[in-house]
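Remarks on the structure that follows.
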Amino acid sequence: MRRRGGFTLIELLVTVGIVSVIAGALVLYNRTAEQQILLAKSVAEVLSVLSRARSSAVAGLFDESKNVCGYGVSFSMPGTMIFFRDVAPCDQKYTSPGGNAASCVSSDVECVEKIVLNDKVKFASLGLANIDFVPPNPNVFIDQGAKQSAIIELATVNGNAASKIKVTNAG
């Protein structure tokens, strides 16, 4: 008797099983990679907002109709940042570069933009409430000068991935 070409049922079942295990591992890896990418994008977004506030203060992007002292970022849980402009009370004028920048930090705040992180990423912990950049250098005030540095920790909502950002008063 001549044997016909083809695969036995056992060979097919083993092949399907191996392919299923590999496909499952790839799906799991893909979800982890997606979370890492979302976390990296959120970290980049936080750094971008901080950099924007700092560069706005350095560039002197001021509204001449208001007594603008500088720019800053306010952080709140679970994932909100407010890019703001420090505005001095009407009886104060910010005098650069010889003015007293510290007196400007406790002034009124005007919201420039509200930024919300991706809903799959949150602030796991915040070591600061806000950071102010006051020209001309700019001088950096973390929580109105109460801190020298702070840690901002971001994490995915499910807690599988996390990243930390250290902010110092050096800018």
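Bear in mind that the values in this text are calculations on the coordinates, not laboratory data. Small disclaimer: the values here were computed from a predicted structure and weren't measured. Cβ placement follows ideal geometry from the backbone for every residue including glycine, while neighbour counts extend to all protein chains displayed.
Descriptive notes on the structure:
- In the stretch 17-87, the alpha-carbon atoms span a convex hull of 86 Å³ per residue.
- Taking label positions 7 Å along the Cα-Cβ direction at both Thr8 and Leu28, the computed distance is 3.0 nm, reported to one decimal.
- Measuring r between the beta carbons of Ile165 and Asp108 and using R0 = 25 Å, the FRET efficiency lands at 0.35.
- A simple packing score, the average count of other Cβ atoms within 10 Å per residue, orders the peptides 151-164, 8-21, 121-134 as 121-134, 151-164, 8-21, with the highest score first.
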